[in-house]
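Have a look at the structure below, then the notes.
The values are calculated or read from the model by the stated rules, or taken from the named source; none is laboratory data. Model, not experiment: these values are computed from the prediction. Glycine gets a Cβ as well: all are built from the backbone with ideal geometry, and neighbour counts include every protein chain shown.
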Amino acid sequence: ARIIDSPRERLIAIITNNFVPCNGRFPTLIILASLFLGTGTLGQFAASAAVVGLVLFGIAVTLLVSYILSKTVLKGVPSSFTLELPPYRKPQLKSILVRSFLDRTFFVLKRAILVAVPAGAVIWILANTFYGGQNLIAILSGYIDPAAGLMGMDGVILMAFILGLPANEIVVPIIIMSYISSGAMLEFNSAQSLGQLLLDNGWTWATALCVMLFSLLHFPCGTTLWTIKAETKSLIWTVFTALLTTGVACLVCLTVYQLISLGNFI
C-alpha cells in the first residue's frame, strides 16, 4: 500500500488488505480443511482446493469491499498508477541480511512482544481463574454462545478468536485448551486426535467451514492493527478497519450457515 500515491486509495488498500490471508491464518485453514476433507488422495486434493478457494474468495471480498468503500465513505476520483522499476543492481548479501533484520525482523518482533506479552497475561488469568467450577474463559464463552451459534460456531470458538488477537496462530490452541479445560495452551501431536476432539464437541463440516471463513475475514491481529495505526496515524481508521472486517466476517458466516441450515445440508 505504501507505493500508492493517492492517500484515499492507499487507505482503502490498508483497510481491505486484511481479507487476503497472512501466514498466521494459513495454519488454521490448512488443518481444518485437512481434518474435514483430507481423507485419502481425493480428500487431500479437495482440502487443497478448499484452501485455494478460500484465498480466491478473500481476494474477491477485497475487491468488493474496496469498490463499496470507494463509492461511499472514501469517495473520490480514481488516480492513475505507474510502477517504476529501478535499475537492476547486483544484490549484496551482507547488506540484505543487515537491513532485513533491522528494518523488518527486529521491528516486527518488537511490536509482537509489546502486543503478545500483555495479551498472554490476560489469557493465562482467564484460563486459571475459576468461579463456580468453571474458568473465566468458559463463563465468557457461555455468554456469547447464542450469537456464535447463529454463525455456525460456538462460544468457545468465538472467544478463541477474541483472545487470539495477539496472533492468529494461537486460535486453535486456545480452542483445544478450552475444550479440555486446561490452564495452558496445548497442541495435539495427532491430527486424528484433534479431529475427534472437535467432533466430540459438536463440530460438523459446516462448523469447520464457518470457522475457516471467520478466520479468513475477521479483524487483524494486534501487530497488524499497530501497523495500521502507524501507517494511517489515526486511531479512528484503525478501529474502523477492525470493526469493518469483523462485520464482514460475521455477515458472511451468518449468511452461509443460515443457507446451510435452511437447505438441511448438515
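I'd like to verify a number: residues in region 1-17 that are part of a helix (DSSP H, G or I) and either charged (D, E, K, R) or at pLDDT 90 or above (or both), how many? Don't jump to the end; show me each part of the working.
From region 1-17, those part of a helix (DSSP H, G or I) are 7-17; that's our starting set.
Then keep just the ones that are either charged (D, E, K, R) or at pLDDT 90 or above (or both); that gives 8-17.
Total meeting the criteria: 10.
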field: Qualifying positions in region 38-63 - modelled with pLDDT under 90 and either more than 23 Å from Ala191 (Cα to Cα) or not in a helix (DSSP H, G or I) (or both)
entry: Gly38, Thr39
message: If I ask for residues that are modelled with pLDDT of 90 or more and either over 21 Å from Gly38 (Cβ atoms) or touching a Ser or Thr at 6+ places or on another chain (Cβ under 9 Å) (or both), which ones from region 172-200 would you list?
response: Leu198
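Restricting to region 38-50, name every residue that is closer than 20 Å to Val172 by Cα and surrounded by fewer than 20 Cβ atoms within 10 Å (Cβ to Cβ). First the steps, then the outcome.
First, pick out the residues of region 38-50 that are closer than 20 Å to Val172 by Cα: 38, 47-48, 50.
Within region 38-50, just Ser48 meets the criteria.
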task: Specify which of the listed residues (Thr39, Thr62, Thr16) is of a type in the set (S, T, N, Q) and within 23 Å of Ala206 (Cβ to Cβ).
output: Thr39
- prompt: Which condition breaks for Leu35 when tested against (1) more than 26 Å from Ile170 (Cα to Cα); (2) in a helix (DSSP H, G or I)?
  reply: (1)
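Select the helices (runs of 4 or more DSSP H) contained entirely in region 89-169, then report the ones holding at least 1 residues which are touching a strand residue (DSSP E or B) at 6+ places or on another chain (Cβ under 6 Å) and closer than 28 Å to Leu217 by Cα.
Values: elements: 93-100, 106-128, 136-150, 155-163.
Answer list for region 89-169: 106-128.
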- request: Might you check whether a residue that is among the β-branched types (Val, Ile, Thr), under 18 Å from Leu11 (Cα atoms) and touching a residue at least 12 places away in the same chain (Cβ under 8 Å) occurs anywhere in region 206-225?
  value: yes
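Which of the residues spanning region 64-77 are in a helix (DSSP H, G or I) and surrounded by 12 or more Cβ atoms within 10 Å (Cβ to Cβ)?
Leu64, Val65, Ser66, Tyr67, Ile68, Leu69, Ser70
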